[in-house]
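Report on the following structure.
The values are calculated or read from the model by the stated rules, or taken from the named source; none is laboratory data. It should be emphasised that the depicted structure is a prediction, and the values quoted were computed from it without experimental measurement. Note that each Cβ is placed from the backbone with ideal geometry, even for glycine, and that neighbours are counted across all protein chains shown. The accessibility values were calculated without ligands, DNA or RNA, using every heavy atom of the protein model including side chains. Shrake-Rupley method; radii C 1.70, N 1.55, O 1.52, S 1.80 Å.
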Amino acid sequence: MSTLKAVRGTRDLLPPETALWNRVEATARAVFARYGFGEIRTPVFEDTQLFVRGVGEETDVVSKEMYTWEDRARAASEKAQSLTLRPENTAGVVRSYIEHKMGDTGMLQKLFYIGPQFRRERPQRGRYRQFWQIGAEVLGPQSSGAESALRDAEVLEMLATLLDELAIPRASEANDGKGWRLALNSVGSSTDRPRYIAALKAALEPVKATMCVDCQRRAETNPLRVLDCKVPEDQPIIDGLPKIAEYLDEASTAHFAEVKAALDACGVPYVIEPRLVRGLDYYTRTTFEFTVALGLGTQNALLGGGRYDGLSEMLGGPKAPGIGFAIGEDRLILTLQALAEAGSVTIAESKLDAYIAPMGAGQNAAALALAKDLRASGLSVEVGDGSFRLKKSFELADKLARRILILGEDEVATGVMTVKTFATGDQVKVERAELGEFLKN
RNA sequence: GCGGCUAUAGUUCAGUGGCAGAACGCCGCUCUGUGGCAGCGGAUGUCGUGGGUUCGAAACCCACUAGCCGCCCCA
């Protein structure tokens, strides 16, 4: 019988790496809390229609990357329902917002989530079929100010703060651009965008034959993607294409200007990227992407997001403008690991406070009882086995803990423990009553 | 989904048709209450899976699976 393995594109996260995941999540939670966000947990699978209507039927995510299946009908009267593992979480959050009538509170909703998402793509470093996103959404009725450029800037400033606190450097000349970089654009309102796409298509018509084969295809299927082309020969042509900025209406132009002004006021660096187009249909106005050229290869988008003023209505809900983002947690971890490898951040390996080495199996019970007391006082403690030779206990202890606590017949009888600190090599006798205090230093 | 590279010990890898290897790690001993350093010894294993070629395959061929790189797209 062949052994079973994690299915393609999925993986096990094991200690000690999970400690890093926990640290990242704890940092994110702490930052989100300071900005007034509360946690939301939505189901991992939803009605397929949520993504078809929300994300967009023609997007790659929906048209070819979803895990979709027919739920079984258990009774003749019941209809089989098409269900899908969530490929992203914004649609689910907005569905929940509508379902629980959060807009009726009149309050601005600030929600964050941390959880797995699923897309059936070809796996690669930084791209998995089950991957994790840390995301947040700000949305509400118009009277709550959800549409304000202030919210865009606040979200972006929060992200800059989070990355700073995770010790991911900002890109600069000093670090050869090996830090994070915020690319910003506005794709206009839901009426601006179709007008722009039509103009783009028209402008491409006479010149596309001279472009690369990929662009010839994109000109037909998805003209916006032509802007992303990296082929050097195509750049002059692309530079001559209409710019989205020329197609923004007055309100969108003003909104974008306000976002930029607020970012300037907060000291958040950004680069306007007129070519930044995002693949999900719900984006309007502000779109952004944080990239980092470190540890990710071509999957260098660390997080992405944007405004989605029409999404709630697309899902049959009330008008509820909003803005949100999703961080690729897997990619964030890869970035931190690459930084650690380069020595610019340290991923602290956590050592236990003490390792108790009973001398002989006869001391095992006393060792466990001592461990219980020390653990109750908040210390992290491992208990060795009395049948191990002392040399082996020392070797194990040195790997696992900062100190070794030797528990032989003498120590049990006198109540005076022998404690050795590995870093200094100091060995002292400590009264059992003072042991907890001693080990805390 | 397309193209390419790769798969050998716990890990990183060497091994171009003739006994399955190195380093690190692991276990034991030198050393029966003292780790890190050193010396000596030991075990590493479905050579990714299945088939084929061959007297003989880890190696050559085919298929499959998985990872990685690029494309598409995205987090």
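Only one residue in A:E99, A:E25, A:E88 is touching a residue at least 40 places away in the same chain (Cβ under 8 Å), charged (D, E, K, R) and within 23 Å of A:R307 (Cα to Cα), so which one is that? Steps first, answer last, please.
Numbers: A:E99 fails: touching a residue at least 40 places away in the same chain (Cβ under 8 Å); A:E25 fails: within 23 Å of A:R307 (Cα to Cα).
Every option except A:E88 fails the conditions.
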If you go through region A:300-327 one residue at a time, how many are under 20 Å from A:L224 (Cβ atoms) and among the polar types (S, T, N, Q)?
-> 1
Hey, any hits in region A:405-427 for a residue that's away from RNA strand B (no atom under 15 Å from the Cβ), open to solvent by less than 20 Å² (accessible area, probe 1.4 Å) and part of a loop (DSSP other than H, G, I, E, B)?
-> no
Only residues that are buried (at least 24 other Cβ atoms within 10 Å of the Cβ) and modelled with pLDDT under 95: list them for region A:288-301, please.
-> A:V292, A:L294
So which of A:L241, A:L296, A:L280, A:L248 ends up being under 26 Å from A:V94 (Cα atoms), within 16 Å of RNA strand B (Cβ to nearest atom) and touching a residue at least 40 places away in the same chain (Cβ under 8 Å)?
-> A:L280
Return the residue satisfying two criteria in turn: it lies in region A:371-399 and is closer than 18 Å to A:L435 by Cβ and open to solvent by 60 Å² or more (accessible area, probe 1.4 Å), and of such residues it is nearest to RNA strand B (Cβ to nearest atom).
-> A:E382
Tell me which of these A:P321 doesn't satisfy, since it passes every other one: (1) open to solvent by 10 Å² or more (accessible area, probe 1.4 Å); (2) at pLDDT 95 or above; (3) under 21 Å from A:A251 (Cα atoms).
-> (1)
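So which residues in region A:155-197 are part of a helix (DSSP H, G or I), within 18 Å of the chain's Cα centre (by Cα) and touching a residue at least 60 places away in the same chain (Cβ under 8 Å)? Steps first, please.
First pass over region A:155-197, keeping only residues part of a helix (DSSP H, G or I): A:155-165, A:192-197.
Filter again for within 18 Å of the chain's Cα centre (by Cα), leaving A:155-165.
Answer for region A:155-197, where residues must be part of a helix (DSSP H, G or I), within 18 Å of the chain's Cα centre (by Cα) and touching a residue at least 60 places away in the same chain (Cβ under 8 Å): A:V155, A:L156, A:E157, A:M158, A:L159, A:A160, A:T161, A:L162, A:L163, A:E165.
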Strands (runs of 3 or more DSSP E) within region A:238-345 that include 3 or more residues within 30 Å of A:M211 (Cβ to Cβ) and touching a Lys or Arg at 6+ places or on another chain (Cβ under 9 Å) | A:284-292, A:301-307
Checked region A:328-347 for anything within 16 Å of RNA strand B (Cβ to nearest atom) and in contact with a helix residue (DSSP H, G or I) (Cβ under 8 Å, 6 or more places away or on another chain); matches are A:E329, A:L332, A:I333, A:L336, A:Q337
Mind checking whether some residue in region A:363-370 is outside any strand (DSSP E or B), open to solvent by 60 Å² or more (accessible area, probe 1.4 Å), in contact (Cβ under 8 Å) with a residue 24 or more places away in the chain and not assigned by TED's automatic domain parsing to the domain that holds A:V292?
-> no
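Quick one: which residue in A:S143, A:S190 is surrounded by fewer than 19 Cβ atoms within 10 Å (Cβ to Cβ) and at pLDDT below 95? Let's see the steps before the verdict.
Working: A:S143 fails: at pLDDT below 95.
Only one candidate qualifies: A:S190.
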Breaking point among (1) part of a helix (DSSP H, G or I); (2) modelled with pLDDT of 95 or more; (3) out of contact with any strand residue (DSSP E or B) (no Cβ under 7 Å at 6 or more places or on another chain); (4) open to solvent by 10 Å² or more (accessible area, probe 1.4 Å), for A:R151 | (3)
In region A:214-237, residue modelled with the lowest pLDDT [restricted to those that are open to solvent by less than 50 Å² (accessible area, probe 1.4 Å) and away from RNA strand B (no atom under 13 Å from the Cβ)] = A:Q235
